[in-house]
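The values are calculated or read from the model by the stated rules, or taken from the named source; none is laboratory data. Note that this is a predicted model, so its numbers are computed, not measured. Using ideal geometry, Cβ is built from the backbone for each residue, glycine included, and neighbour counts are taken over all protein chains shown. Protein only, heavy atoms only, side chains kept; ligands, DNA and RNA dropped before computing areas. Shrake-Rupley method; radii C 1.70, N 1.55, O 1.52, S 1.80 Å.
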Amino acid sequence: MKRLAFILLLLAIPLFAQYKMPPKEIADVADAPPPPITTVSLDGKWILLQQYPSLLTIEDLARPELKLAGLRFDPERHDQSRALYATALTLVRVADGETRAVSGLPASARIRYTSWSPDVAHLAAALSTANGVELWAVDLATARAHRLSSPPLNLTLPRRPFEWTPDGRAL
């Protein structure tokens, strides 16, 4: 008798465990993108807005990863796994509020470790791609990005993989 009751209980669980979508208003709040992360330039004349997704994608979570000493990394791309990344960059001039979206970035950009040049003429960033991690620069005068290197940069460790020279002319 106890066995029959247990089997019936197991069969009834799926009837009660059905997922129900919340009302649209609540789902919209839960799925809303977070506010951008802001960074002010060294001279205080520019603000960088970095837009992050609300959640990592299934593709991000499904990538192969290795775990070593508390680090999780993608051995094929030499990139951190499960780390948040920006998907778009926008420059705002403090003096007049002019806003410029950074152009020239790949459509599926995964941007991390942005860094202002010491002369505030450029911005550098590491971009994760399907082939690995690339070094990119943004010219503030035109708000246009361009690739400086093909892979590989190594983002296995959670630290910036590049530094500006003191004069800001090279990385």
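Residues considered: ARG112, ARG159, ARG169, ARG147. Of these, the only one that is among the charged types (D, E, K, R) and open to solvent by less than 60 Å² (accessible area, probe 1.4 Å) is ARG112. Counting just the residues of the stretch 145-156 that are in contact with a Pro (Cβ under 7 Å, 6 or more places away or on another chain) and part of a loop (DSSP other than H, G, I, E, B), which one comes out farthest from SER81 (Cα to Cα)? Out of the qualifying residues, it is ASN154. Looking only at residues of the stretch 135-144 that are open to solvent by 10 Å² or more (accessible area, probe 1.4 Å) and not in a strand (DSSP E or B), we find that the one that is modelled with the lowest pLDDT is ALA141. Would you be able to say whether some residue in the stretch 71-81 is under 22 Å from PRO161 (Cα atoms), touching a helix residue (DSSP H, G or I) at 6+ places or on another chain (Cβ under 9 Å) and in a loop (DSSP other than H, G, I, E, B)? Yes.
Taken over the stretch 107-125, the residue count meeting the criterion of being assigned to a strand (DSSP E or B) and either over 17 Å from GLN80 (Cβ atoms) or among the small types (Gly, Ala, Ser) (or both) is 6. Residues that are under 27 Å from ASP43 (Cα atoms), touching a Lys or Arg at 6+ places or on another chain (Cβ under 9 Å), open to solvent by less than 30 Å² (accessible area, probe 1.4 Å) and in a loop (DSSP other than H, G, I, E, B): does the stretch 85-106 have at least one? Yes: the stretch 85-106 contains one or more residues that are under 27 Å from ASP43 (Cα atoms), touching a Lys or Arg at 6+ places or on another chain (Cβ under 9 Å), open to solvent by less than 30 Å² (accessible area, probe 1.4 Å) and in a loop (DSSP other than H, G, I, E, B). Across the stretch 31-51, the number of residues qualifying as touching a residue at least 12 places away in the same chain (Cβ under 8 Å), open to solvent by 50 Å² or more (accessible area, probe 1.4 Å) and not in a strand (DSSP E or B) comes to 6.
Report yes if LEU55 is open to solvent by 50 Å² or more (accessible area, probe 1.4 Å), farther than 21 Å from LEU153 by Cβ and part of a helix (DSSP H, G or I), otherwise no.
Answer is no for this residue.
SER128 satisfies every condition listed in (1) within 22 Å of PRO35 (Cβ to Cβ); (2) modelled with pLDDT under 90; (3) part of a strand (DSSP E or B); (4) of a type in the set (Gly, Ala, Ser) except (1).
Filter the stretch 122-134 down to the residues that are of a type in the set (A, V, I, L, M, F, W, C) and open to solvent by less than 20 Å² (accessible area, probe 1.4 Å), then identify the one that is farthest from the chain's Cα centre (by Cα).
LEU123
Taking each residue of the stretch 158-171 that is touching a residue at least 12 places away in the same chain (Cβ under 8 Å) and looking for partners that are among the polar types (S, T, N, Q) and open to solvent by less than 80 Å² (accessible area, probe 1.4 Å) with beta-carbon atoms closer than 7 Å, six or more apart or interchain, yields PRO158/GLN80; ARG160/SER115; TRP164/SER115; TRP164/SER117; GLY168/SER117.
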